[in-house]
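See below for the structure under consideration.
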Amino acid sequence: MHNLLDKKKCIILSALDLIQEHGFHASPVSQVAKNAGVAAGTIYTYFENKEALIFGIYEYVAEEIKKYVSDRDDTTLVFKDRFYNYWKNLTDFYELNPSFHGFYDQFLNSPFNSEETQNKPNAWHEWAHGFFQSGMDEGAIRDINPVVLSILVNGNIKSIVRVKMNFKNKLARNNVNLEEISQLIWDGIKSV
């Protein structure tokens, strides 16, 4: 499969897998290269150093999340239905791509997520903010800062995915339906 991908993407995917398993610090460039099936020097063709690699992965992951969710957004639907699709699509993306979910979570809670990084454009955050702004413009949701809405919704989705991953059997045993959370969130943000 990796032979079909370009080398840069192969390096990023290899690094994602390693970081998911070992964390940032225990994923040396040499191991990333070995897993990607490229020479260690090849990585430096695309990334100046390990820090640049991590930032490159962050940008790639943000773009992939945006692409997955935005490609499945049907703007012809009423916003309530768009909201539930957004919720489902972001949940599906994280469940289908646990290394992306783990990396994004780890990155946002690391020193890499500095104020300087936060001030740079982020395709996913910008699209999500625009998504919620469109709901306000339609009058479907309360007039709340779209950044706050993104944090509320996306934070809950990330937590639910983590809970599903770590407590799958217990949730099933206790007949817990986590989908009820999306309804609670919708009830909290919809316009009255």
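The values are calculated or read from the model by the stated rules, or taken from the named source; none is laboratory data. Note that the structure is predicted; figures quoted are calculated from it, not measured. No Cβ is skipped: glycine too gets one built from the backbone with ideal geometry, and neighbour counts run over all protein chains shown. In case anyone asks, the SASA skips ligands and DNA or RNA and just uses the protein heavy atoms, side chains included. Shrake-Rupley method; radii C 1.70, N 1.55, O 1.52, S 1.80 Å.
So if a site counts as exposed when it's one of the GluC sites (Glu not before Pro), its DSSP state isn't H, G, I, E or B, and it has at most 13 other Cβ atoms within 10 Å, what's the longest stretch of the chain without one? Longest site-free region, per DSSP loop and neighbour criteria: 49-178. Axis angle, to the nearest 10 degrees, between helix 79-96 and the longest C-alpha principal axis of the chain: 30 degrees.
Compared with the dominant Cα axis of the chain, that is its longest principal axis, helix 50-71 is turned about 40°.
The C-alpha atoms of the chain define a longest principal axis, and helix 123-138 lies at about 10 degrees to it. A simple spin-label model places the labels of Asn113 and Lys80 3.3 nm from each other, with each point 7 Å out along Cα-to-Cβ.
Expressed as a whole percent, the accessible area of the chain that falls on carbon and sulfur atoms is 50 (1.4 Å probe).
Does segment 1-60 come out rounded, prolate or oblate, given a ≥ b ≥ c as the square roots of the eigenvalues of its C-alpha gyration tensor, rounded meaning a/c under 1.5 and, failing that, prolate meaning a/b above b/c? Walk me through the numbers before you get to the answer.
On the way: a/c = 1.33, a/b = 1.20, b/c = 1.11.
Judged from the Cα gyration tensor, segment 1-60 comes out rounded (a/c under 1.5).
In order along segment 175-182, the phi-based Karplus estimate (6.51 cos²θ - 1.76 cosθ + 1.60, θ = phi - 60°) of 3J(HN,Hα) comes to 6, 8, 9, 6, 5, 4, 5, 4 Hz; Gly and Pro are listed as x.
For Lys190, the residues whose amide H sits under 5 Å from its own are Arg142, ignoring neighbours fewer than 5 places away on the same chain, with H placed 1.01 Å from N.
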